[in-house]
Amino acid sequence: MEIAIIADDTKKELITQLCIAYCGTLSKHSICATSTTGAYISEATGLKIEKLLSGTQGGEQQIASRISFDEIDVLFYFRATTPRTENVGINSVEQNLLRLCDVHNVPVATNIATAEIIVTALERGELDYREFINPRSEYNIRHRGAPKY
């Protein structure tokens with residue numbers, strides 16, 4: 001599975017704690033994250049994480065693009081819980097990411113409770129249907145000859 005992680009500065013510690021708690025499960029999957037979030041998690045857990053651009057420099061858009069091409073199977077998106085009035089553009093990026101998850105049937109967690117439910121579903125294999133959708137999945141690389149990126 002391809003897991004993408006984005007966390008606001010106020011949520012980086014929380015997402016890192018989640019990754020520490022479920023390191024064994026997450027290590028079986030490919031993870032990408034925005035730059036600073038990926039560095040926090042990687043340093044704390046030793047997980048191999050593909051670090052994209054920082055969120056403000058386009059990392060969120062990189063993840064959105066991957067969702068559009070069915071290359072992301074799960075999104076952990078821990079957003080700021082206080083309303084942001086200073087930059088309307090940030091809110092539209094958030095809305096676009098969530099809309100894309102709806103369109104492409106990508107499970108998304110915006111809080112710790114939902115994230116734990118998704119991680120335990122991963123442990124039990126309940127999200128394996130995503131392997132048939134994702135062109136970068138091992139299933140499709142083996143069975144359909146999809147190009148390996």
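The values are calculated or read from the model by the stated rules, or taken from the named source; none is laboratory data. Treat the numbers as computed from the prediction; the structure is a model and nothing was measured. Quick reminder, even Gly has a Cβ in these numbers, built from the backbone with ideal geometry, and neighbours come from all protein chains shown. Accessible surface areas use protein heavy atoms only, side chains included; no ligands, DNA or RNA. Shrake-Rupley method; radii C 1.70, N 1.55, O 1.52, S 1.80 Å.
Among the residues making up the stretch 30-58, a single one is touching a strand residue (DSSP E or B) at 6+ places or on another chain (Cβ under 7 Å) and at pLDDT below 95: G55.
Just the residues that are over 15 Å from E50 (Cβ atoms) and open to solvent by less than 10 Å² (accessible area, probe 1.4 Å), please, taken from the stretch 68-77. Matches in the stretch 68-77: Y77 only.
Return yes or no: is I118 touching a strand residue (DSSP E or B) at 6+ places or on another chain (Cβ under 8 Å), of a type in the set (A, V, I, L, M, F, W, C), open to solvent by less than 70 Å² (accessible area, probe 1.4 Å) and closer than 26 Å to F132 by Cα?
Considered against the rule, which asks whether it is touching a strand residue (DSSP E or B) at 6+ places or on another chain (Cβ under 8 Å), of a type in the set (A, V, I, L, M, F, W, C), open to solvent by less than 70 Å² (accessible area, probe 1.4 Å) and closer than 26 Å to F132 by Cα, I118 comes out as yes.
Whether a residue is touching a Cys at 6+ places or on another chain (Cβ under 8 Å) and modelled with pLDDT of 95 or more was assessed, and I15 does not pass this test.
Figure legend. Inter-residue proximity from the stretch 34-51: first residues on the phi < 0 side of the Ramachandran plot, second residues assigned to a loop (DSSP other than H, G, I, E, B) and among the aliphatic types (A, V, I, L, M), beta-carbon distance below 8 Å, spacing 6+ or different chains. Indicated pairs: T34/L52; T34/L53; S35/L52; S35/L53; G38/L52; I41/L47. Among the residues of this structure, A109 counts as one that is touching a Phe, Trp or Tyr at 6+ places or on another chain (Cβ under 8 Å), buried (at least 19 other Cβ atoms within 10 Å of the Cβ) and either without any contact (Cβ under 8 Å) to a residue 40 or more places away in the chain or more than 16 Å from H29 (Cβ to Cβ) (or both). Among the residues making up the stretch 12-22, a single one is crowded, with 21+ Cβ neighbours inside 10 Å and either over 22 Å from E126 (Cα atoms) or in contact with a strand residue (DSSP E or B) (Cβ under 7 Å, 6 or more places away or on another chain) (or both): I15. Of all residues in the stretch 23-48, those being surrounded by 22 or more Cβ atoms within 10 Å (Cβ to Cβ) and either among the β-branched types (V, I, T) or not in a helix (DSSP H, G or I) (or both) number 5.
The set of residues in the stretch 49-86 being in contact with a Pro (Cβ under 9 Å, 6 or more places away or on another chain) and part of a loop (DSSP other than H, G, I, E, B) consists of F69, D70, E71, D73.
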